[in-house]
1. Is it the case, given these coordinates, that B:ILE389 is away from chain A (no Cβ under 14 Å) and more than 16 Å from B:PHE366 (Cα to Cα)?
2. Restricting to segment B:392-401, what's the tally of residues that are open to solvent by 20 Å² or more (accessible area, probe 1.4 Å) and within 11 Å of chain A (Cβ to nearest Cβ)?
3. For segment A:69-81, does any single residue satisfy the condition of being assigned to a loop (DSSP other than H, G, I, E, B) and within 20 Å of A:TYR39 (Cβ to Cβ)?
4. Please list, ordered by residue number, the strands (runs of 3 or more DSSP E) wholly in segment B:568-643 having 2 or more residues that are modelled with pLDDT under 80 and charged (D, E, K, R).
5. What is the number of the single condition among (1) farther than 23 Å from A:ASP105 by Cβ; (2) modelled with pLDDT of 75 or more; (3) among the basic types (Lys, Arg) that A:ARG74 does not meet?
6. Using the structure shown, decide if B:SER420 is polar (S, T, N, Q) and more than 23 Å from B:MET7 (Cα to Cα).
7. Could you check segment B:362-397 and list, in sequence order, the residues that are assigned to a loop (DSSP other than H, G, I, E, B) and not hydrophobic (A, V, I, L, M, F, W, C)?
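The values are calculated or read from the model by the stated rules, or taken from the named source; none is laboratory data. This is a predicted model, so every value here is computed, not measured. Every residue, glycine as well, gets a Cβ built from its backbone with ideal geometry; the counts of neighbours run over all protein chains shown. Please note that ligands, DNA and RNA were not included when accessible areas were found on the heavy atoms of the full protein model with its side chains. Shrake-Rupley method; radii C 1.70, N 1.55, O 1.52, S 1.80 Å.
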Amino acid sequence: IELKFHYTVHTSLDVVEEKVSAVGKVIVDQRELYLGLLYPTEDYKVYGYVTNSKVKFVIVVDSSNTSLRDNEIRSMFRKLHNSFTDVMCNPFYNPGDPIQSKVFDSMVSSMMVQTC
Amino acid sequence: MSVPDYMQCAEDHQTVLVVVQPVGMVPEDHFFRIYKRIISVNQVSIRDSQRLLYIRYRHHYPPENNDWGDFQTHRKVVGLIAVTTCSSAKEWPQTFDRFHGQREVFGATLYDSRLLVFGLQGEIAEQSRTDVAFYPSFDRCEDVEKRVEDFVESIFIVLESKRLDRATDKSGDKIPLLCVPFEKKDFVGLDTDSRHYKKRCQGRMRKHVGDLCLQAGMLQDALVHYHMAVELLRSVNDFLWLGAALEGLCSASVIYHYPGGTAGKSSGRKPSISQAADAGKRHRPGAQEVLIDPGALTTNGISADTSSEIGRTKNCLSPEDIIEKYKEAISYYGKYKNAGVIELEACVKAVRVLAIQKRAMEASEFLQNAVYINLGQLSEEEKIQRYSILSELYELIGFHRKSAFFKRVAAMQCVAPTISEPGWRACYKLLLETLPGYSLSLDPKDFCKGTHRGWAAVQMRLLHELVYASRRMGNPGLSVRHLSFLLQTMLDFLSDQEKKEVTQSLENYTSKCPGGMEIITLPDGLKLPPVPFTKLPIVKSVKLLNLPVSLRPHKVKGLLGQNVTTKSPFIYSPIIMHSRGEERCKKIDFQWVQGDVCEVQLMVYNPMPFELRVENMGLLTSGVEFESLPAALSLPAESGLYPVTLVGVPRTAGSITVNGYHTSVFGVTSDCLLDNLPGLKTSGCAVEVVPALPRLQLSTSLPRSAHSLMPPSGEELSNSVSVQLFNGETQQLFITLENIGTELLETLEVTYKMVNTKEKIFGEFLSWDLQGPLSQLPLKPSQTVTIAVDIRVKLDFSGQENLLQDLNDDGISITGLPISSPLRQVLKPRAENKPISAEANKTEYNHIKTLEAILHFKYSGGLGQMQGYYRELLLGVHVDVEPSVFFTRVSALPATSTRQCHLLLDVFNSTEHELTVSARNNQDVVLHASECQRMAIQVDKLDVDSLPEPDEETLRFASPRQLEEERQQVQGYQVNSKLGITWSIISFHLQNRTSVSFFVTL
């Protein structure tokens, strides 16, 4: 199952790339970080978010979960981004290493719990 | 209609379908040779009309697809070209019958057919028939193309007549209802007179005419017909045909907008001839026709004027509209389960158009839709085809990852468990094609720099699949290569458990097929570069080690001239020549010697969670012939840095560069080049190898020293001896030198140097005679030479005043510092007031002085000598000197003869042994331990002034103080020789240890 998500997220990067390059042409500086629904699959909806430094976040949501609107997803991404920024600010973190921050972990899991 | 044609594109709507088929026994290769020639005629310019007819050839076409020919005429087989062989006239009728049979298959829809007969000669071949062409053989059929063109023209004529026929059908006549196969039964019993029904018939017919116009090259007319058809069909909710009409409209517009074609390179469409000439006006074949034959438009109710540019663009859809209409059409198709194939094909066509428009997002939506179109039961082969085409389309719109995903699905489909004969080869091939989509290349070099590229989890999975597929293909070499690649590049992402599994299976594979460094070339030409295990173990630093001190070559100073750089004209310049700077960082400032074992130290560590056995680890070098002596090592699990020394022997002289190392891990041999190692620390890898030199091994008669001498200039001693001597004692040291090398020992030089010479020493500390040993040179390998070295210790212990004073009861002390002549006695009042305890005395009294010296043996021979190199052996000599005999008081008494005097000496034995002291012409005095006795010696008087003066030369250069010292020394010798006082320890005497020659410095 995990692998399936890997594939899903991996392929969604195509869409992210496409969207980013499309947006990049229009406005370079102030653009919306939230990319919206990348694509729906049979079971999941894939949402994307790209920071200005091209860090990509992807959230995969169960298709049947209708309680999550675009706005909720957007705020989730924002929370995720803030938390991620905190991790990056940690002077002991080397960019590229797996994230081991407990705070980040708990934030992500709390988000997951919330949506379920 | 069940078989979708995934290669379809919008332009195909304007083609006519011709099936080319072999009849009877036709060798496949011959058939395809002819087929290729036939399909080269894919567009034909029709005489008189300037229109172009496009032909689509198929060598296989399912007849049930033909049934959809009315729906979209490009699906209709209108021409048949049969290829057959016929060797004799007898067979001819039979062959011809077969041709007829073939014609029956597509019967109703065929406009015309041709038979190409090969091999038949004679009467029958002579007759000229339009529908049959005879050729003597497959090699002699020059006018095939011409024939085909004629054939196409005849098709055109039929097409044109049909078009005109249908187009001029007035609505008043009874228009037959065109329908697709699955509709037929729906219309049974329908009221054929209702307006609804009539409109439906009209609409469908319009659409059909549009198709025909498009095929006949009249784009403009087609557009008009389609528009009308859309309106008619929309009013009667005939969705399937409405979809078709819309799609027709789209196709025509696409053809107008994108004359280059949307199928990419695969369709070898030549651009229209007129296009380049008049790009502004965009001449279309259809437009031309409109101008030529205005009458054709009258039926549309559109006047001839509208054939202007304005009219055309009005009828033609804009690029955005095309997509809108495609969407609409597809949604209509979607209403019919049986039209799945049509829907799918429409999706594919739309995607191709969008790809041209570079609207990837929308294209992906179409594709997403296409994925869900259910075509009912598909055979495995069709599934594979479908996934492959999806992958291709995703690739087309730039979704490489998605493309890779579908390709992988296709690959997996090839070996699905439901397939009785899994196509591992095909699976493998498809998997390989997915690699770029996952940012994977099979070249490990791409992975050693920077951060990891791509999605590791997915990449790993893919590599595992490649391994498995190649194994099932029966190519263990490939599996090994892929598995090595997996291990090498994904090491950071593998869990401990996975590491274990991967290595285990790697070992399994390599037991059958050891992995190597050769490039594996796949049948399709793909080359798999070798995968060196640079991470098993990880090498952190490489350091070339100098030879042990005793083996280091030294350059003879005199020959150093050639080393001095001549690049700069200045003797000194603060500017370091750039090139030299570079040289220095690459080159190492020591040398290796040909024929001697040289070492390179690697700091390695094992990233694996288990013990890593590295076998056959050796050096890779270039420049000099180098014999690498491989080592095997076993690194504990997740070891820290671990030093490994690799050794080898340079076999020739010159410059050697260490390029890397080779290992054999898990049965995979790999050559790791240092250049490719990330994060490697190295202090240069190039070193000079000097020609061979002899090697000497040194052994001595004395025991090895426990003391290690610290030589001054950071040199290292190859050996050191220590001995304990009493002051004044002489000991002989035998040094044996053995030539353990392979070269002749030709020269030998011995010198010595004192270390820590705080003590004043009299006479030569070490002396030897080289005459004998040198006469044995040159020394052949494994021969020995012995040198006898005398160790003579003569120290001045008189400095220990405390001791002397305590012993001197008479109040007269003689101190030796500065050295005084015996005749100039220094009398000193006794320092009575010194309260020194007995214990203190004891320690002082045991005071031992040490002397240290280093013997240098410079030797050379062989080729190395010619180049001015030599080697040096260093022998440390450590001597502990114990005080032996003191003269506590000296006084002189006149003797009977005026030329002589009596010298009275108070002799003190500071040793713990009984000893005898003897002087020339005197009897021995026996002294017990710590005993003091007086002895009298009669000696000749000495004239101090008669001593030889130092020569002029030394006088000039020496300071007065030096001169004084020198004179005193000379005087001391003189006195010594005169007195000839010796002592010996009796007990040692018995033990055969002679200790002789005592000195006096008074």
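1. No: the conditions fail for B:ILE389.
2. Of the residues in that region, 4 qualify.
3. Yes, segment A:69-81 has at least one match.
4. B:587-593
5. (1)
6. yes
7. B:ASN374, B:GLY376, B:GLN377, B:SER379
Residues are listed down the side, and each one gets a yes or a no for (1) open to solvent by less than 30 Å² (accessible area, probe 1.4 Å); (2) within 14 Å of chain B (Cβ to nearest Cβ):
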site: A:LYS45; (1), (2): no, yes
site: A:SER63; (1), (2): no, yes
site: A:THR66; (1), (2): no, no
site: A:PHE77; (1), (2): yes, no
site: A:MET88; (1), (2): no, no
site: A:ASP97; (1), (2): no, yes
site: A:GLN100; (1), (2): no, no
site: A:SER106; (1), (2): no, no
